[in-house]
Ligand SMILES: Cc1ncc(COP(=O)(O)O)c(C=O)c1O
C-alpha cells in the first residue's frame, strides 16, 4: 500500500483497519486457514485504482458480452467446462442458483445430509422436498463418502427426484465416487450438482484426487478463494452438460448475486486463472512434495495423530485431499480446542478450525516450506509435552447422529408456519423450526420440518456436557428451541 494512504488512515485512526487488520498483517501469525492466497499477493494494482462499476466498455456480469464474457471463457477453457460463470458472493450464490435451475419449483432434491447450509436454503426458497443421503461413518469421527449404491436406491425408489446434490470434497477433504454417482444419476436422466467449494485446486495435479469436472458432474461449484490465490468471495460455477437450462441458470444467478459485482473481485479471479494456467501445475507438484514431507514427519508423532485417507476403509472414504490436514488429539490428553489454542498462542499458527477431538490446518499451494516446518516443529513440541492417558470422553451416540429424524413437513412449510419457543426437554414430538448442527461430523442433527425425538435430545445433552459445539438454535444456551406451534 502506498505510504501516503497508509499514513492518512493512521492519522484518521481507523481501529478496524489499523489496529486489527494491518497490525495483524505485520506480525508473525502463520495462516493455515482461508483464504487460499495466504496473504501473499499475486501481481495486483492498488484496489482503488481499478474499483469501477459497469461503465461503458466494461461489460455487465449479468449479461456478459465483452471483457467479462471473455474472462469467463478463459476460466472455462482452463477447467475444461462447457461454460463457467464468475461468482462474486462465493459458492453460496452458485449453490443457490444451481439447485434452483436444476430442480423445478416444488420438486424433489436428493442431497447429502452433510451439505452446506446454502443447499438447505435453496430447498427452502424453491419449496423442494428433500431426501437425504447419509455419509459413511469413519473411525476418525468425521463424515465419510456418500455411497453410490445409496444414490441408486433412492433414484429407484423415488422417480420424482429431480436432482442430486453432493458435497465432494467436504470441509474435511473427503471425496465421494463422483464418476459412479454421475453414471447412476444420468441413467435416471437426473442432473448431478457437485459442491466442490473446497476443490478448485484439484484440476491441476494428479497428486490430488480428480475434480468432479473430470468425473461427469453436470454442475460444479468451486470457491477460488478457499484453496487458490484469490480474494475472499471469489468463486466459479461450471456447467458441463446439456441437462441444465442455461437461461434459468442465468436468471437465478441474477437473482442471488448482487447487482453491483465487484471489479476488484473479478480482476482477482482473472489473475488467479492466469496464474494457474501459467504456473499452476508446477506449483501444485511442489506443494504435493511439501505435503508428503510434512506427513512423513507427522507420522512419527507419538500422541497426536494426523489423518491419512489411506487408513480408512475404501467405502468409508473413497479419497482424501491431503491438503486438508486433520490433526487428531489422539491420546495426548488435549481437547481439540486446547490443541488449537496451543498452536495459536504458543506458536502463532492460526488453524482453520477446531472440533471436539481434532484441528484442521488448511494448506494451499501458496504455503511456504517455512510454514510447514513451523507446523511440524510445533506439533512435535506439543506431542512431547502430552500425556498418554487422556480422560476418554464417553462416545457419542453415533446411531442418533447418523440417522435422520422423522420428517414432518418440508423445510419451507415448517418455516412459514407460526412458531413457539419451547424448553428442549418439552420439545419431543414437536416439529423443529431450526437447524441443529454438530461439527464434526458436520451433518445436521435436525432441520426445520423434522420431528424432535428423545434420542436426538440425548445427543444434544451429551454434546453440551462434553463442551462440543451445538449450533443452530438461537437460544440453545438456555436449552430452548423454536418449533412449529402445535
Ligand atoms: C462445503 C461448503 N460448501 C459451500 C460453502 C460456501 O462457500 P462460500 O464461502 O464460497 O460461499 C462452504 C463454506 O465454507 C463450504 O464449506
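Per-structure values
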read-out	value
Residue among 297, 302, 313 that alone is within 30 Å of residue 215 (Cα to Cα) and out of contact with any strand residue (DSSP E or B) (no Cβ under 9 Å at 6 or more places or on another chain)	313
Breaking point among (1) within 16 Å of the ligand (Cβ to nearest atom); (2) more than 14 Å from residue 87 (Cβ to Cβ), for residue 293	(1)
Strands (runs of 3 or more DSSP E) wholly inside region 398-486 containing at least 1 residues that are within 21 Å of the chain's Cα centre (by Cα), without any contact (Cβ under 8 Å) to a residue 24 or more places away in the chain and outside the structural domain of residue 166 (by TED's automatic domain parsing)	none
Residue in region 22-31 that is over 25 Å from the mean Cα position of the chain (by Cα), in a loop (DSSP other than H, G, I, E, B) and either at pLDDT 95 or above or closer than 23 Å to residue 241 by Cα (or both) present	no
Every residue from region 267-284 that is within 17 Å of residue 208 (Cβ to Cβ) and in contact with a helix residue (DSSP H, G or I) (Cβ under 9 Å, 6 or more places away or on another chain)	276, 280, 281, 283, 284
Meets criteria (more than 14 Å from the ligand (Cβ to nearest atom) and either outside the structural domain of residue 159 (by TED's automatic domain parsing) or buried (at least 22 other Cβ atoms within 10 Å of the Cβ) (or both)) for residue 261	no
Residues of region 229-258 satisfying the condition of being closer than 17 Å to residue 77 by Cα and either more than 16 Å from the ligand (Cβ to nearest atom) or assigned to a loop (DSSP other than H, G, I, E, B) (or both)	239, 240, 241
Subset of region 156-179 that is crowded, with 24+ Cβ neighbours inside 10 Å and more than 16 Å from residue 441 (Cα to Cα) - its residue that is nearest to the ligand (Cβ to nearest atom)	165
Test: residue 222 is surrounded by 18 or more Cβ atoms within 10 Å (Cβ to Cβ) and either assigned to a strand (DSSP E or B) or modelled with pLDDT under 95 (or both)	yes
Extreme residue, surrounded by the fewest Cβ atoms within 10 Å (Cβ to Cβ), among residues of region 210-219 that are within 16 Å of the ligand (Cβ to nearest atom) and in a loop (DSSP other than H, G, I, E, B)	211
Complete set of residues in region 83-101 that are more than 26 Å from residue 271 (Cα to Cα), away from the ligand (no atom under 14 Å from the Cβ) and surrounded by 24 or more Cβ atoms within 10 Å (Cβ to Cβ)	101
Residue match in region 102-123 (condition: farther than 24 Å from residue 150 by Cα and either touching a helix residue (DSSP H, G or I) at 6+ places or on another chain (Cβ under 8 Å) or within 11 Å of the ligand (Cβ to nearest atom) (or both))	no
Any hit, region 65-80, residues being at negative phi, surrounded by 13 or more Cβ atoms within 10 Å (Cβ to Cβ) and within 16 Å of the ligand (Cβ to nearest atom)	yes
Hits in region 124-139 (condition: farther than 27 Å from residue 245 by Cα and either within 16 Å of the ligand (Cβ to nearest atom) or surrounded by 24 or more Cβ atoms within 10 Å (Cβ to Cβ) (or both))	135
Residue tally, condition surrounded by 13 or more Cβ atoms within 10 Å (Cβ to Cβ) and assigned to a loop (DSSP other than H, G, I, E, B), over region 267-312	7
Scan of region 187-209 for residues that are within 17 Å of the chain's Cα centre (by Cα) and assigned to a loop (DSSP other than H, G, I, E, B), ordered by number	196, 197, 198, 199, 200, 201, 209
Residue tally, condition touching a residue at least 12 places away in the same chain (Cβ under 8 Å) and away from the ligand (no atom under 15 Å from the Cβ), over region 188-209	11
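The values are calculated or read from the model by the stated rules, or taken from the named source; none is laboratory data. Because the structure is predicted, anything quoted here is derived from the model rather than measured. Positions of Cβ are backbone-derived with ideal geometry, glycine not excepted, and every protein chain shown enters the neighbour counts.
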